[in-house]
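Report on the following structure.
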Amino acid sequence: VSSIQTTTTQNMVQVSLLRRLEGHDWQVSSVAFHPAGDMLASASWDRTVRIWDVDAGRELRVIERTAHTAPITNVAWHPNGALLATTSADNTTCLWDASTGARLKTLKEHFGWVLHCSFAPDRTKLATASWDKTVRLWDPNTGELLSTLRGHTKGVWGCSFYPVGHTSALLATCGDDNTTRLWDTRTRKVALTLSGGHADAVYSVAWSSDGTLLATGSADKTIAIWDPKVGRILRMLSGHDNTVKDLCFSPVEGSNTLASAGGYNAMLWNPKAALNNALAEMRQHAVGKEVETVAISYNGKLVATGSRDGKVCVSTIPDFPKDEFFDLSKQQEKRNWRQNSEPTAPAASQPRRDVPKDPAPAKRVPEENALTAAILQKKKEIEKAVAPPEPVRSQPHKPIKTDPATLLASRGFQQDGTVVAAAPETYDTVDNTGYAPAPAAAAAAAAVPPPPPPPPAAIAEDTYENTGPARLLPVAQSSSAHPMVDQFKSATAQQQQGAIPRRQTVSDPEVLMKAMRIRNQAAEYEADTRPVVRAKPAEVKQDLPATVESIMRDSKPLLGQKVKVRSSTYLSNEG
């Protein structure tokens with residue numbers, strides 16, 4: 001944070017007074033220029049709103065005094081230039097038709113003084129700041145309450161939408177809790193809190209035309225210039241003798257002019273200048289009357305201030321030099337001019353253009369002596385030992401010389417080309433006992449012709465089992481019983497003899513119920529002692545607020561999209 005600069009009136013540009021507009025009966029609390037014309041709206045504690053023609057210096061229209069029952073605290077133009085919004089100490093906000101002065105809607109949801117309001121660039125939202133610690137977002141077309149932003153611990157003094165692009169996602173608010181908060185209006189959460197810059201309540205907040213700077217004014221008589229992306233203070237400005245109650249940047253693209261009102265004066269600043277940011281000071285109101293509000297026209301040529309004397313002063317803004325050495329002493333300016341005008345001598349190491357460069361020297365090859373040769377030989381041996389073995393290459397196929405007679409005989413042919421008669425193959429027949437019969441028995445069985453096949457009905461009635469590789473024999477024709485049948489018979493005999501105990505059966509119901517209870521208790525004990533494995537709850541995706549930089553990135557204007565603003569001539573003609 002740079003040191004606070006105490007600015008004096010020396011070496012400042014004098015601002016000339018153009019008009020002094022008189023008509024209010026009490027202090028002027030707010031002034032606002034038309035977004036596309038030299039018209040000015042002023043609000044006062046006398047509960048009236050007056051629309052002025054600045055060029056002619058006359059009053060065009062007075063909005064009825066009966067709308068609000070308490071002092072009007074702020075007035076703002078709709079971006080289309082056809083509507084006005086006013087906030088009041090009666091806890092309400094009113095929307096007006098600027099051409100007829102008729103009241104369109106009254107917004108009643110706050111429980112304290114409504115101190116400030118701001119229209120979004122996309123014309124879909126109206127923000128109102130109140131002493132009830134909340135900021136409410138409204139639909140200016142229908143008057144419906146959209147959402148409420150809660151986060152300030154004390155009353156909220158001001159609010160301002162991000163001016164770049166066509167969006168209403170980023171909103172800046174300041175309050176009596178010494179903080180400034182940047183809100184993501186889509187999630188209704190604070191994206192960034194700016195604290196530590198002021199030692200007292202923050203009364204006013206304003207965006208630069210390009211959205212790269214944010215200015216805040218405080219009751220500690222200072223102005224803080226912030227980098228809104230990271231929340232860092234760039235510099236502190238000091239020049240007022242009391243609370244800085246209002247701030248306004250020039251709406252001209254590329255202009256860095258900042259106007260501030262506080263105490264008994266109003267000032268113009270260049271917050272991007274490296275030194276001496278104060279450009280001009282204005283003391284055009286009655287002595288002893290504090291300046292409450294300030295505004296800059298759409299073309300950046302006029303500045304208006306309102307004071308407790310009930311008057312509005314309109315002044316012209318001169319063309320300020322756009323260099324960082326403006327407003328320095330004459331000696332410092334001469335010193336800087338001499339330093340920048342002296343020619344710089346060329347560096348000694350820099351070659352002259354007319355002198356050709358020396359050609360690059362040839363690389364020197366070291367001579368190879370005996371020691372070098374030994375080292376290289378040792379290196380090659382090590383590399384050869386470490387290197388992987390080379391793959392074995394396959395030898396070409398060589399035909400094997402074989403006797404044709406031997407080859408024919410091995411393949412079953414005779415020398416004359418005829419096939420050698422093969423001996424009949426013999427297979428061992430396995431009977432139902434699992435053992436092959438003797439060769440003599442096999443020969444006798446082969447000599448006996450097989451029995452004729454039984455009729456179909458007999459085949460269906462008989463039972464078959466697999467007793468050979470591919471033969472099915474009836475059980476009645478098998479020589480012995482199935483092994484499982486023998487095993488069953490032997491087990492039954494042992495059980496009858498008492499070797500194997502019989503299964504006990506329970507006929508008494510009480511004994512049966514007792515056994516069931518014991519079994520149920522064992523099951524319950526097992527269920528209670530079994531470790532419980534609980535499923536891990538799914539992670540809830542928190543709706544975190546977006547960063548200020550991402551909101552700004554989403555707010556970039558679309559190419560070719562222009563905001564239509566109603567001309568101000570319709571008010572002049574009807575007036």
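The values are calculated or read from the model by the stated rules, or taken from the named source; none is laboratory data. Source: prediction; values computed, not measured. Don't worry about glycine lacking a Cβ; one is built from the backbone with ideal geometry, like all the others, and counts go over all protein chains shown. With ligands, DNA and RNA removed, areas are computed over all heavy atoms of the protein, side chains included. Shrake-Rupley method; radii C 1.70, N 1.55, O 1.52, S 1.80 Å.
Here are some notes:
- Stretching ASN520 away from LYS384 to a fully extended chain increases their span by 41.2 nm, per 0.36 nm per residue minus the current alpha-carbon distance.
- Cα gyration tensor, the stretch 83-242 - rounded (a/c under 1.5), prolate or oblate: prolate
- For peptides 62-73, 305-316, 139-150, sequence by mean Cβ density within 10 Å, most packed first: 305-316, 62-73, 139-150
- Virtual paramagnetic centre 7 Å along Cα→Cβ of GLN14, amide N under 20 Å, in the stretch 235-277: 265-269
- Enclosing the Cα atoms of the stretch 281-323 in their convex hull gives a volume equal to 82 cubic angstrom per residue.
- Across the stretch 197-330, Cα-Cα pairs farther apart than 23 Å form 28% of the total.
- In the context of the full set of protein chains, the stretch 109-202 has a per residue accessible area of 36 Å² (1.4 Å probe).
- When each of LYS221/LYS272; LYS108/LYS133; LYS154/LYS245; LYS105/LYS301 is checked by Cα-Cα distance, pairs over 23 Å: LYS105/LYS301
- Computed packing ranks the peptides 296-303, 218-225 as 218-225, 296-303, most packed first, by mean other Cβ atoms within 10 Å.
- Computed from the C-beta positions of SER410 and THR372 and an R0 of 56 Å, the FRET efficiency is 0.25 to the nearest 0.05.
- Highest-first packing order for the peptide set 258-269, 123-134 is 258-269, 123-134, based on the mean count of other beta carbon atoms within 10 Å.
- Anisotropy class of the stretch 174-272 from Cα gyration tensor, a/c 1.5 cut: oblate
- Spatial offset of the stretch 29-95 relative to the stretch 223-297 amounts to 22 Å, using the alpha carbon center of each.
- Sequence-separation-based contact order of the stretch 230-315, relative, with Cα cut under 8 Å and 6+ spacing, percent: 24 percent
- Computed Kirkwood radius, in angstrom, where 1/r is averaged over Cα pairs of the stretch 246-289: 11.3 Å
- Radius ratio Rg over Rh of the stretch 208-257, counting only Cα atoms, Kirkwood formula for Rh: 0.98
- Charge dipole of the stretch 201-298 about the Cα centre (unit charges at C-beta), most positive-ward option of ALA224, LEU234, LEU279: LEU234
- Cα centroid separation, the stretch 102-118 to the stretch 160-205 (Å): 20 Å
- Note on ARG283 and TRP26: the model spin-label points, each 7 Å out from Cα along the C-beta direction, lie 2.9 nm apart.
- Cα-based shape type of the stretch 147-224, given that a ≥ b ≥ c are square roots of the gyration tensor eigenvalues and the cut on a/c is 1.5: oblate
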